[in-house]
Structure formats: structure tokens, C-alpha cells
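Asks: Please read through the structure below; I'll follow up with questions.
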Amino acid sequence: MTVNRREILKFGGMALARTASPGLLPGFQAAEAGSGQSAEEKADYTLRIAPVTVELDRSHILSTIGYNGIAPGPVLRMREGKVVSVEVINDTDTPELVHWHGMLIPPDVDGTEEEGAPFVPPHGKRRFQLTPGPAGSRWYHSHAMAMDNLHKGAYTGQFGFVFVESGRDPGRYDQELFLALRDWEPFFTGAMDDEDDDTHDGPLLEKPATLDSDPDGLEVGSMTYSINDKTLGSGEPVRVRQGQRLLIHFLNASAIENRRIALAGHKMKVIALDGNPVPTPQSLDSIFLGAGERIDVEIEMNNPGVWILGSTEKAVRESGLGVVIEYANQHHPPQWIDPPKSRWDYTLFGTVSSSSPAPQQTIELIFEKIPSGAGKFNLWLVNGKPYPHEREFVLQHGARYRLIMRNRTDDAHPMHLHRHLWELAEINGKKTSGVIKDTVVVPYYGRAAVDFTADQPGLALFHCHIQQHMDYGFKALFRYA
């Protein structure tokens, strides 16, 4: 029987988890729900921050900090525009922050220290209200600074999906999955090969004529990976039948790396980037996600067998970043086929002409790295200096801006602007329009331009979504005049 997505939602999160393979989706545990707004009544959603264990496989159990006893945390379903109350309980010894990534909400509930959001105190709690939106795939995660503590912030298991319902989605999917790509047990290293930038063959428009020859500081690496809380081959497979249509919401929840993934033997039709529908959906052999990015895909299950969905990097896939997709009545070992090599190109999903207003002002942003400029670690600069930037980036309410991001470093940086959405205008000289995102990977020695309207008054944090880069200078505050 084909199950309509609207029918699935009638039964709530736990029924949906069973429909979408229980072994893969522990995050579908329902958050506590209630109808009241007073302190005496339950909040609509409760998130409890506390130590958790994650059983990646039977021989590998790790300890971290998570939400509601699990990592990833529960998938939270909200209705666009309907005010909800959230209570965050902190059962740890350190102050915490919960950031609602991709939401257009005020700075005091956005969950960042730089914007002035209050901490949730150790062994304390805090309740707040937010109006979810826009519709689509969002996520929540810790925004605490980690610096050289690899047991804090985004290095922990404090992350989870938020799906904001619009009420306009017709459904028509047989299964809906929320799959988070994750690395665990981070460590400092000076010898990690960076093979996942996926942008090294670009035009290198911003590569300096003379490169800094000083040795790099320590970076953060990992050799332990999973999709949600299971490594490849552990837990239950995703069980499908021929002719089914899957809707998969992917999230790169890594604090460390960008990733390319594929489903062997199948194409994935990209229908949304960062939760926002794209003007021109495309069917691709593989997709690329910067840290913090989300991609929604449709997949027609039309190639019976037992297949691997996972990283296109062999070492990463075999170290856990994958999941088995098993057709009914197919019981042989899972198969992997390398997808054709291709350059990731946001402009495939855009249009030639834009109905958006032209930008009225331009802000140039130059990214640079000082090797070992922060002692053992690299120092990251925006326009020649690390955070803070005082009042350098001041916005006029209602004005349309173009940010031109010039990456003069040998990393591809997933750049995120809080509390705003931007429209991609150019990647490495290739123009486009209509692609709406909140996080954009600026290529290795490359350039990206995005347009946005300054319509969310208050402080807005701009930063690289690699935790170590952000912690060591790679961020700035945008202010409203």
C-alpha cells in the first residue's frame, strides 16, 4: 500500500519513524508537548541537554552531550507562523546555547552569544517563544564556543532536525527520512588530507600570487563517522519496495568537514537546498553538502538490490558514513558503485533571470588565513582582522545588499548568515538567480556573491560553519543602523 505523507503525519513522530525504518531514526522520539505558555504548564517542546551514550555499533559506544537522551536529538515538527514555546533544560556543568539554524527569528531567541541571546545556565533552564519559519528543513544545534575543547559546542551530539510545515505540501511519498551526516571523536592533527573540498578543480579566481609558506597550525580531524547514530552496516537497513518514492532530508551536521554522498545505482532529484525549493530541480548521481547545509531529494526506487548510500570517499564510507538501502526480497551483500566525477554547481538549480530587486549596496568580504596565527592553531581573518569587527558592517533596514565573498585560503568555507536568507548571485564568475539559501560553500580560492534584504532588525552573526574556523576569528556581526 502506498502511504501518503499527509496520512503519515496524522499519526505523529513515532508512527513516522516506523514507516521510515526505526533502526535509522532514533531522532524521531517525540519532544514533550503541551498547550500552555505559563511556567506551570508544559512547553510545546522541551529539550534536555545532558550526557548521552551513542552506540554506533555493538563494539563502539561513545559518550557525548545530546538532547533528550539521544544524539541526534528529536526531530521537531512545527507549523510555519504558529508561535511555539520551547523549554531548554541544561543538566550539564557549563552554560549552553541552542541555535535555530535557518529560522527568521529575533536575535534574543536565535541562540548565539554574539547576538545577545541569554545562556541556559548550568543545571538551570530557560523558556522562550519563537515563530517558526520559513517552511522547510531547518535544524537546531549548540552554538557554544569550543576553542581547544573538543568536548564542547558542535563537536558534541547537540544537533537535530526541525521541519517547519507549510500546510501546502501535497505529500505523495512512500517514505520520508531525515538523515544527518556526522563525524565523531574529533582530534587535533597536522597531517589530515583534505579530500572533501570538492572545489579544487575550480577556476581559483582568488588565489594569491604569493602564498604564505609558514606551516599550518593544527586542524581538527576525525576517523569515526555515521549517518544519524549508526555506522554503515550496523542497525537496521532502510527497507524499500520497487516503485516507491522516497523523500530524504539530508543534513551535514559535521563541525569539521564538507561531504559528497551518493546512493549507488540511483539518481537523486534535488528539490530543495537548505529547506528552500529550487527553481530548477535536477537529478544527479551525487550531492555535496557543506557543514550546516541541508539538501532535500526525491528518489525513485527503480533498481532492485541491496545498495549503499554513503560518502563517495572510500575511507570515510568504510569508516562508517553510510547506510544500507535494501529492496524487498533482496538479501545479498550491499553493493557500492562509484558515481561519475562531477563538480558541484549551485547554479544548476537556478534560473537565468531574477524577479528579485537589484542590490543597492555591495559589501566586499575577503577571507584570509594566518598559519599558526593563534598559537597552535590558524587564525582566520575577514577583511584583514579576526572577530570582533566593531561597527564595520552596518545595514540600513529595508535595503538590498550584495555580499561578495572572496576566499583567499586553501579551504572551502561554508558561510552562514544568521536570521536572514540570501539569494545566490554568482559562483566563481558564473551568474544565477532564484537559489535561496542560508549557508553557501565559498570554493577553495574562489568567489561567491549573494544578495539579501536587510529585513530582520538586530544583530546577525556571519561566520564559517567549521567550528574551529569560527572559534579562531572567522566571524563578524552585522548590525542595523
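Asks: Name every residue in segment 307-316 that is touching a residue at least 24 places away in the same chain (Cβ under 8 Å) and over 22 Å from LYS269 (Cβ atoms), in order of residue number. Steps first, answer last, please.
Replies: To start, the set of residues in segment 307-316 that are touching a residue at least 24 places away in the same chain (Cβ under 8 Å) comprises 307-313, 316.
Answer for segment 307-316, where residues must be touching a residue at least 24 places away in the same chain (Cβ under 8 Å) and over 22 Å from LYS269 (Cβ atoms): GLU313, VAL316.
Asks: Restricting attention to segment 436-468, which residues are farther than 17 Å from TYR401 by Cβ and of a type in the set (A, V, I, L, M)?
Replies: Of everything in segment 436-468, those that are farther than 17 Å from TYR401 by Cβ and of a type in the set (A, V, I, L, M) turn out to be VAL441, ILE466.
Asks: Among the residues of segment 393-401, is any of a type outside the set (A, V, I, L, M) and not in a loop (DSSP other than H, G, I, E, B)?
Replies: yes
Asks: Now, a different point. Here is a check on your reading of the model: is ASP183 part of a strand (DSSP E or B), closer than 28 Å to ILE89 by Cβ, of a type in the set (Asp, Glu) and touching a residue at least 60 places away in the same chain (Cβ under 8 Å)?
Replies: yes
Asks: Given segment 98-169, what strands (runs of 3 or more DSSP E) lie entirely inside it while holding 2 or more residues that are free of Cβ contacts under 8 Å to residues at least 40 places away in the same chain?
Replies: 124-130
Asks: Which numbered condition in (1) open to solvent by less than 20 Å² (accessible area, probe 1.4 Å); (2) part of a loop (DSSP other than H, G, I, E, B) is the only one that LEU424 fails?
Replies: Checking LEU424 against (1) open to solvent by less than 20 Å² (accessible area, probe 1.4 Å); (2) part of a loop (DSSP other than H, G, I, E, B), the one that fails is (2).
Asks: Now, a different point. For segment 60-78, give me each residue that is surrounded by 15 or more Cβ atoms within 10 Å (Cβ to Cβ), out of contact with any Lys or Arg (no Cβ under 7 Å at 6 or more places or on another chain) and closer than 18 Å to ALA43 by Cβ.
Replies: Within segment 60-78, GLY73, PRO74, VAL75, LEU76, ARG77, MET78 meet the criteria.
Asks: For ALA154, are the conditions met, namely being open to solvent by 10 Å² or more (accessible area, probe 1.4 Å), small (Gly, Ala, Ser) and touching a helix residue (DSSP H, G or I) at 6+ places or on another chain (Cβ under 9 Å)?
Replies: So ALA154 passes the test.
Asks: Right, next: Applying the selection to segment 198-246, what residues are at positive phi and either acidic (Asp, Glu) or open to solvent by 20 Å² or more (accessible area, probe 1.4 Å) (or both)?
Replies: Listed by number, the residues that qualify are ASP198, LEU204, GLY233, GLY235, GLY243.
Here's the yes/no breakdown for (1) touching a residue at least 40 places away in the same chain (Cβ under 8 Å); (2) in contact with a strand residue (DSSP E or B) (Cβ under 8 Å, 6 or more places away or on another chain); (3) surrounded by 19 or more Cβ atoms within 10 Å (Cβ to Cβ); (4) farther than 20 Å from TRP139 by Cβ:
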position	(1), (2), (3), (4)
GLY275	yes, yes, yes, no
ASP296	yes, yes, yes, no
GLY322	yes, yes, yes, yes
LYS341	no, no, no, yes
SER353	yes, yes, no, yes
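Asks: Would you confirm whether or not segment 281-294 contains a residue that is among the hydroxyl-bearing types (Ser, Thr, Tyr) and under 25 Å from LEU104 (Cα atoms)?
Replies: Among the residues of segment 281-294, not one is among the hydroxyl-bearing types (Ser, Thr, Tyr) and under 25 Å from LEU104 (Cα atoms), which makes the answer no.
Asks: Something else about it: Looking for whichever is buried (at least 24 other Cβ atoms within 10 Å of the Cβ) and in contact with a helix residue (DSSP H, G or I) (Cβ under 7 Å, 6 or more places away or on another chain) here; the options are ALA255, ALA262. Which one fits?
Replies: Answer to the check: ALA255.
Asks: If I go through segment 431-443 residue by residue, how many of them are closer than 19 Å to GLU364 by Cβ and either surrounded by fewer than 24 Cβ atoms within 10 Å (Cβ to Cβ) or modelled with pLDDT under 95 (or both)?
Replies: 1
Asks: Among the residues of segment 360-392, write down those that are open to solvent by 50 Å² or more (accessible area, probe 1.4 Å) and touching a His at 6+ places or on another chain (Cβ under 9 Å).
Replies: Hits for segment 360-392 are ASN383, TYR387.
Asks: Here is a follow-up. Only one of PRO333, PRO304, PRO277 is modelled with pLDDT of 95 or more and either under 26 Å from GLY160 (Cβ atoms) or touching an Asp or Glu at 6+ places or on another chain (Cβ under 8 Å) (or both). Can you tell me which? Don't jump to the end; show me each part of the working.
Replies: Numbers: PRO333 fails: either under 26 Å from GLY160 (Cβ atoms) or touching an Asp or Glu at 6+ places or on another chain (Cβ under 8 Å) (or both); PRO304 fails: either under 26 Å from GLY160 (Cβ atoms) or touching an Asp or Glu at 6+ places or on another chain (Cβ under 8 Å) (or both).
Only one candidate qualifies: PRO277.
Asks: Starting from segment 37-59, keep only residues that are modelled with pLDDT of 95 or more, then list their pairs with residues that are among the basic types (Lys, Arg) whose Cβ atoms are within a distance under 6 Å, requiring at least 6 positions of separation or different chains.
Replies: Every condition considered, the pairs that remain are ALA43/ARG127.
Asks: Scan PRO107, PRO134 and give me the residue that is closer than 22 Å to ASN252 by Cβ and open to solvent by less than 50 Å² (accessible area, probe 1.4 Å).
Replies: Answer to the selection: PRO134.
Asks: Hey, another quick one. Could you list all residues from segment 355-383 that are in contact with a strand residue (DSSP E or B) (Cβ under 7 Å, 6 or more places away or on another chain) and more than 22 Å from ALA425 (Cβ to Cβ)?
Replies: Hits for segment 355-383 are GLU368, LYS369, ILE370, PRO371, SER372, GLY373, LYS376, PHE377, ASN378, LEU379, TRP380, LEU381.
Asks: Filter segment 268-323 down to the residues that are among the charged types (D, E, K, R) and assigned to a strand (DSSP E or B), then identify the one that is farthest from PHE349 (Cα to Cα). Full working, then the answer.
Replies: Residues of segment 268-323 that are among the charged types (D, E, K, R), as a first pass: 269, 274, 285, 293-294, 296, 298, 300, 313-314, 317-318.
Now drop any that are not assigned to a strand (DSSP E or B), which leaves 269, 294, 296, 298, 300.
Details: LYS269: 11, ARG294: 14, ASP296: 13, GLU298: 15, GLU300: 19 Å.
Going through the qualifying residues, I end up with GLU300.
Asks: So which residues in segment 403-418 are surrounded by fewer than 24 Cβ atoms within 10 Å (Cβ to Cβ) and more than 23 Å from PRO208 (Cα to Cα)?
Replies: Of everything in segment 403-418, just one residue is surrounded by fewer than 24 Cβ atoms within 10 Å (Cβ to Cβ) and more than 23 Å from PRO208 (Cα to Cα), namely LEU417.
Asks: Report the residue count in segment 203-235 for those that are closer than 30 Å to THR64 by Cα, assigned to a loop (DSSP other than H, G, I, E, B) and of a type in the set (Ser, Thr, Tyr).
Replies: Let us first name the residues in segment 203-235 that are closer than 30 Å to THR64 by Cα, namely 216-235.
If we keep only those that are assigned to a loop (DSSP other than H, G, I, E, B) too, we end up with 216-217, 222-223, 228-229, 231-235.
The next check asks that each one be of a type in the set (Ser, Thr, Tyr); those that pass are 222, 231, 234.
Final tally of qualifying residues: 3.
The values are calculated or read from the model by the stated rules, or taken from the named source; none is laboratory data. These figures come from a predicted structure and were not determined experimentally. All Cβ positions, glycine included, derive from the backbone under ideal geometry; neighbour counts span all protein chains shown. The accessibility values were calculated without ligands, DNA or RNA, using every heavy atom of the protein model including side chains. Shrake-Rupley method; radii C 1.70, N 1.55, O 1.52, S 1.80 Å.
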